[in-house]
1. Accessible area per residue for the range 86-146 in Å², computed with a 1.4 Å probe and the full protein assembly in place, what is it?
2. What's the FRET efficiency of Arg335 with Gln109 using the Cβ-Cβ distance as r and R₀ = 45 Å, to the nearest 0.05?
3. Give, as a single signed number, the net charge of other residues whose beta carbon lies under 12 Å from the beta carbon of Asn38, with Lys and Arg counted +1 and Asp and Glu -1.
4. Just name one of Pro42, Asn96, Pro66: the one whose Cα is farthest towards the positive end of the charge dipole of the range 1-131 (beta-carbon charges, Lys/Arg +1, Asp/Glu -1).
5. Give, in nm to one decimal, the length gained when the segment between Ser215 and Glu440 is fully stretched (0.36 nm per residue of separation minus the Cα-Cα distance).
6. Return one number: the angle in degrees, 0 to 90 and rounded to the nearest 10, between the long axis of the Cα atoms of helix 13-24 and the longest principal axis of the Cα atoms of the chain.
7. Identify the residues of the range 365-408 with backbone N under 18 Å of a label point that sits 7 angstrom from the Cα of Gln243 along the Cα-to-Cβ direction, or state none.
8. Taking the Cα centre of the chain as the origin and placing charges on Cβ (Lys, Arg +1; Asp, Glu -1), which of Asn19, Leu420, Tyr598 is farthest toward the positive end of the dipole?
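The values are calculated or read from the model by the stated rules, or taken from the named source; none is laboratory data. No experiment lies behind these values; they were computed from the predicted model shown. Here the Cβ is made from the backbone with ideal geometry for all residues, glycine too, and neighbour counts use every protein chain on show. When the accessible area is computed, the model is the full protein with side chains, heavy atoms only, and any ligands, DNA or RNA have been set aside. Shrake-Rupley method; radii C 1.70, N 1.55, O 1.52, S 1.80 Å.
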Amino acid sequence: MCGIVGYVGNREAAPILLNGLEKLEYRGYDSAGLCVRNGNEPCVIVKSKGRLSALENKTDGGRALPGHVGIGHTRWATHGEPSENNAHPHSSDDGNVVGVHNGIIENYQELKDKLLRHNYSFYSETDTEVAVKLIDYYYKKYGIGPVDAINRTMVRVRGSYALAVMFKDYPEEIYVARKDSPLIVGIRESDPAEGISGETFTASDVPAILQYTRSVYYIDNLEIARLRAGEVTFFNLDGDEVQKEKQEISWDAEAAEKGGFEHFMMKEIHEQPAAVEQTLRSALKDEELDASVMGFSEEELREISSICVIACGSAAHVGFAAQYVIEDLCGIPVRVEYASEFRYRNLPLDPSSLAVVISQSGETADTLEGLRKAKRSGIRTLAVVNVIGSTIAREADHVFYTMAGPEIAVATTKAYSAQLIAVYILAILIAKAKGKISAERQTELLEELKSLPRKIGRILEDKGRIQWFAAKFAMAKDAFFIGRGLDYAVCMEGSLKLKEISYIHSEAYGAGELKHGTISLIENGTLTVGVLTQPEVYEKTLSNMVEVRARGGYLAALTVDGNFNVEDTANFTVYIPRTDPHFMASLAVIPLQLIAYYLSVSKGLDVDKPRNLAKSVTVE
């Protein structure tokens, strides 16, 4: 979950590294560090605890570190508390090898004990220092080159990692390797007009290098790359060269900037109409939904007997919404499995089942392992991801790319909304293939999908009242979200958003379950948000809200235009436009995102970088 940046070229490396780390600070921000080398002079390492700004101040924006080759890192602590000692880069005892690392090395203690027996000493509590010194050990013991030393280390290490390593004997090169943690390589050709003679970059995510190049290579699992200025060579575990195809990134640099908004999260909330529309448009051919965009034939869709959604966090909440929609439209059972649990269960799966694996980054560690387990069971897999070329996208049988663009804020908004569109599309395609809906009904549903961007825009125009409401509850200690059916799935996401960025204890419950124990927690002023968008359970949820009000709770209601009688019960009401009930999650989630955002702002918190969290969870 840490951020890695590397540079080889003819410009000063440190400012470029700092700029890249700034784009990756959403991946980790409890410490940061740089290693820069100036020709044949020794590497210079500078590290700091806290946000990246501390490192920028310490290095005068990078100007205090001359040199054209370097690596940088922002850390999200796994082994060892945040401190300068534990910050990356880490070095071998004599400075022969310096490296940064993202991931977790599970057998680091065993490897550390081995190195201690060979007279290595350790100054940090990290597994990264162990990896760097193990590379140094093999490099010296066998008198081999960097690729072979890294290969031997990769064979011995258990866990996940993305590594960027510099060797004293190779002053103009960086070596990178990966297993289950994302890493890309970018190339920029010579540009005499700008005085550039060829540059090579590495990073753990695209935004870090987007302003310099859009030409990238994706490093596969258990591969190594050697970076020189303007060139890259790939190797497999045997040390043999591997040929790879370069890919072009379609995002522009502005897509990863705030664009005038105070926070990335608010910018991304406002980008949801475009993300929804572009994701839907990507699945249309001649204005009709096209199954081939997911790589399916009509016959394959017809044969699907059940669906297992495998995901984590907000992506799992998309799965819970999909459960209601697909079961109702398609008449097949759907179960949602948290990937972190699914990978350790022996769940019997029908051979004609479909595993739908959802991940914004396409690199989520537990979700990736869930995908691999599903594939081992022999069932077909579909990945719903936002990052082209990501590991989950490459390993799944089928893939559907959401068109959310880069999402920087840790708390997901537009990626969640784009994922909802993906599962709606899947539901309609399966229902059509199985003959569960008529052509007329399919047209109706598609027209409703096409109307969602406009309706999301209408909700965003009325956010002033939500800002007032959030300011009123900035000091709240607890909150509950209640709803039934699809509304319950929306409550899960609304509750998660609130706790993620406002640090208010929050829980979501099926409204009917509230009285089975939880209602004992309601007291005067306790905030309870009732979501009432599903016509068939509207009255029942309203009755549950009356029960809360009778115990002194403060009621906020989220419902559909026209349900004005809810104001007889609720203290505060937000209305959203009408759409087909199957798609209500796409509209209902917007006010809940805004409530969480404005509560966080009212409390003076860091909206984009909430404590203890990172954007892409690439460790177990």
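1. Numbers: 2160 Å² over 61 residues.
For the range 86-146, the solvent-accessible area averages 35 Å² per residue.
2. Working: r = 37 Å, r/R0 = 0.83.
According to the calculation, E is roughly 0.75.
3. Details: positive: Arg37; negative: Glu12, Glu41, Glu172.
Overall, the nearby charge balance is -2.
4. Pro66
5. Values: separation 225, 0.36 × 225 = 81.00 nm, distance 4.44 nm.
Length gained between Ser215 and Glu440: 76.6 nm.
6. It works out to around 20 degrees.
7. So the set is empty, nothing qualifies.
8. Selected residue: Tyr598.
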